[in-house]
1. State whether the residues of region 565-576 include one that is within 16 Å of Arg601 (Cβ to Cβ) and modelled with pLDDT of 95 or more.
2. Quick one: is Glu486 of a type in the set (Asp, Glu) and touching a strand residue (DSSP E or B) at 6+ places or on another chain (Cβ under 7 Å)?
3. Across region 435-457, what is the number of residues that are surrounded by fewer than 21 Cβ atoms within 10 Å (Cβ to Cβ) and either acidic (Asp, Glu) or under 19 Å from His578 (Cβ atoms) (or both)?
4. Looking at this structure, is Leu80 closer than 28 Å to Ser419 by Cβ and touching a residue at least 60 places away in the same chain (Cβ under 8 Å)?
5. From the set of residues in region 399-412 that are in contact (Cβ under 8 Å) with a residue 40 or more places away in the chain and in a loop (DSSP other than H, G, I, E, B), which is surrounded by the most Cβ atoms within 10 Å (Cβ to Cβ)?
6. Would you check which residues across region 128-160 are closer than 27 Å to Gly49 by Cα and either free of Cβ contacts under 8 Å to residues at least 40 places away in the same chain or hydroxyl-bearing (Ser, Thr, Tyr) (or both) and list them?
7. Answer yes or no as to whether Leu374 is outside any loop (DSSP other than H, G, I, E, B) and either within 30 Å of Leu118 (Cα to Cα) or touching a strand residue (DSSP E or B) at 6+ places or on another chain (Cβ under 8 Å) (or both).
8. Condition first: within 26 Å of the chain's Cα centre (by Cα), touching a residue at least 12 places away in the same chain (Cβ under 8 Å), exposed (fewer than 15 other Cβ atoms within 10 Å of the Cβ) and closer than 30 Å to Tyr602 by Cβ. Can you find one or more residues in region 458-468 that meet it?
Amino acid sequence: MHDRVNGTRRRLAQLGALAPALARTLRAYGAPEQRLQSSGRRAALAELGYRQVQLCSGPLQRQAAENHALLMNLDEDSLLRPYRSRAGLPAPGTDLGGWYDSDAFAPGATFGQWMSALCRYHAISGDGATRAKVQRLVAAYAASIDPQGKFYRHNRFPAYIYDKLVGGLIDAHRHAQDIGALPALMRTTQAAAPYLPAHAMPHGEGIKAGEDFSKHAWDESYTLAENQFFAWRETGDAHYYASARRFLYDEFFAALAAGHNALPGKHAYSHVNSLSSAAQAYLTLGSPMHLRAAENGFAMIDAQSFATGGWGPNEHFVEPGSGALGASLEDQIRGFETPCGAYAHFKLTRYLLRITRNVLYGDSMERVLYNTILGALPIEPDGNAFYHSDYTRNAQKCFNENLWPCCSGTLPMIAADYSISTCLQAGDGLYVNLYVPADVSWEQGGASCGLSIRTAYPYEGSILLTLSVPSPQTFVVYLRIPAWAEGATVRVNSRGARSSAQPGTFAAIRREWRAGDRIELELPLPLRLQRVDDQHRDTVALLAGPLALMRLVDDPSEPPRLTRADLLAARRQDPRAHEWQLELRGRTVKLRPFADIGFERYSLYQDVREARAGGSQA
């Protein structure tokens with residue numbers, strides 16, 4: 001190991017000598033997204049800053065506030081214990097337990113993600129106490145870094161944990177203005193380097209008896225490139241650019257780009273996460289192969305997704321055309337790795353939406369939002385955390401058997417990222433992607449503009465958007481019209497007839513806007529059916545707009561005998577209610593969205609009796 005550490009240091013030194021020349025070359029090519037524009041490609045949509053989208057009262061804001069409060073209450077010495085202990089330093093505080101402890105399954109694995117989330121919550125709120133906590137954590141973590149990388153020795157996940165630390169330190173510099181974050185990042189990189197593989201390694205499915213953890217059998221080095229690209233952008237240090245190129249999983253990406261489905265049998269969350277590296281490679285390098293990989297990979301995932309938008313039963317992708325998705329409903333309670341999977345899904349769809357402006361990606365993000373992550377049980381202060389969504393016919397929400405699993409790291413991050421997923425900016429205007437109660441601010445043509453979104457969507461189809469501008473301004477407001485929204489209409493300032501809006505497009509409203517102008521968007525919320533896969537044609541889910549409606553199970557021994565027509569006849573007693581009902585031969589069947597189910601038993605899919613009836617679209 002001593003030789004290996006010294007060899008890595010020599011390679012780093014050699015790269016350091018080349019860094020100024022490489023940096024000059026990179027600067028000559030221009031900023032990443034400027035290069036896309038100069039090459040004739042349309043510039044990617046820009047993300048707004050976290051503070052530019054302020055969520056109003058509602059389930060998204062509530063989930064974000066819950067996670068912010070949870071992280072603020074975590075004991076700082078307990079958070080640092082794995083890092084201090086493994087470096088041989090005094091380690092006050094108490095163990096958090098579960099996956100997190102010094103000699104546990106994944107010591108300190110969520111620390112970097114929790115730092116990232118705290119930084120983002122500070123960026124949203126401007127809260128000084130949050131920033132102060134971030135700065136204390138960065139300083140304490142930096143003091144625990146051992147130059148020999150003791151933390152990474154005999155560690156199952158050196159690449160995984162290093163990746164999360166990179167993200168946390170970048171966010172500490174970017175969002176919490178911590179001047180110590182970038183030096184800590186370089187020291188972290190130097191400490192971890194000897195324990196990282198030479199290139200992106202495939203994910204093994206277990207460690208053989210007696211095998212050293214340095215074989216990386218469970219590690220996820222193929223996800224590293226995304227944050228290495230971000231580190232290069234934040235620092236300008238060519239080390240990170242070279243590292244990002246080194247860890248691009250091009251064996252996997254080339255297959256996807258060529259149209260070969262390389263997903264079956266692979267660990268689902270981490271490989272979706274790796275597609276964000278492909279998207280960032282396109283945004284940074286302008287590489288068409290990486291964009292094709294991300295687009296084709298998404299299409300292959302979408303083709304084997306549940307009606308909720310979730311994927312990966314038992315955390316693995318299935319073989320297309322095998323009927324494995326439907327078969328998993330029998331006894332596979334690990335239907336979708338929810339916080340981790342949703343976080344990866346949001347990143348990928350946001351990147352692809354920015355690049356392509358294709359409504360498909362916004363529709364998919366929305367479906368995952370309402371049917372998976374928004375229904376996750378809150379993390380409890382002792383580390384009980386929601387992990388898998390259960391899609392069996394007698395399902396129930398529950399916590400993972402281990403405290404502080406990986407999903408306790410991603411839930412706070414995705415809740416913070418609702419802000420930057422809501423709207424995106426183009427040179428000519430604003431794209432509205434998620435219809436959530438929020439106040440949005442941005443600069444358009446040098447003017448400070450604002451947009452308020454008020455709605456009870458997706459339970460109601462009416463969405464009101466109100467503009468605020470300092471003086472008359474001409475730009476475009478682009479509204480995502482979901483592919484299922486036949487009959488969608490738009491009207492400005494309640495004048496004239498409503499204009500039809502084409503499903504599956506962004507409706508573009510270009511005009512001279514004045515303060516107080518109002519846009520009224522109506523999205524019908526049709527009931528429709530979706531089968532689980534082509535091999536189980538009579539196993540269907542009921543959807544209303546983007547919502548998957550799940551039947552409450554009152555008697556698991558005697559499920560109701562349903563037809564397609566029965567399901568499509570479900571109605572709400574109150575148009576504002578979050579429950580649909582149908583009367584079935586003296587029996588009331590109730591259905592609710594995932595976010596409105598607590599610990600009741602439920603069934604996402606229903607077995608219907610006849611092949612086709614009642615105008616079903618399944």
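1. So in region 565-576, the residues within 16 Å of Arg601 (Cβ to Cβ) come out as none.
Checked region 565-576: no residue is within 16 Å of Arg601 (Cβ to Cβ) and modelled with pLDDT of 95 or more.
2. Working: of a type in the set (Asp, Glu): yes; touching a strand residue (DSSP E or B) at 6+ places or on another chain (Cβ under 7 Å): no.
Judged against the criteria, Glu486 is not a match.
3. Residues meeting the conditions: 6.
4. Details: closer than 28 Å to Ser419 by Cβ: no; touching a residue at least 60 places away in the same chain (Cβ under 8 Å): yes.
When the stated conditions are applied, Leu80 does not pass them.
5. Just the residues of region 399-412 that are in contact (Cβ under 8 Å) with a residue 40 or more places away in the chain, to begin with: 402-412.
Still in the list and also in a loop (DSSP other than H, G, I, E, B): 402-406.
On the way: Asn402: 19, Leu403: 21, Trp404: 26, Pro405: 28, Cys406: 25.
Selected residue: Pro405.
6. Hits for region 128-160 are Gly128, Thr130, Ala132, Tyr141, Tyr160.
7. Numbers: outside any loop (DSSP other than H, G, I, E, B): yes; either within 30 Å of Leu118 (Cα to Cα) or touching a strand residue (DSSP E or B) at 6+ places or on another chain (Cβ under 8 Å) (or both): yes.
Taking the combined requirement at face value, the residue satisfies it.
8. The first filter runs over region 458-468 and keeps only residues within 26 Å of the chain's Cα centre (by Cα), leaving 458-461, 463, 465.
Restricting the remaining residues to those that are touching a residue at least 12 places away in the same chain (Cβ under 8 Å) gives 458-461, 463, 465.
Adding the requirement that they be exposed (fewer than 15 other Cβ atoms within 10 Å of the Cβ) leaves 460.
Narrowing further to those that are closer than 30 Å to Tyr602 by Cβ: 460.
Yes - at least one qualifying residue is present in region 458-468.
The values are calculated or read from the model by the stated rules, or taken from the named source; none is laboratory data. Since the model is a prediction, treat every value here as computed from it, not as a measurement. Cβ atoms come from the backbone with ideal geometry, glycine included; neighbour counts cover every protein chain shown.
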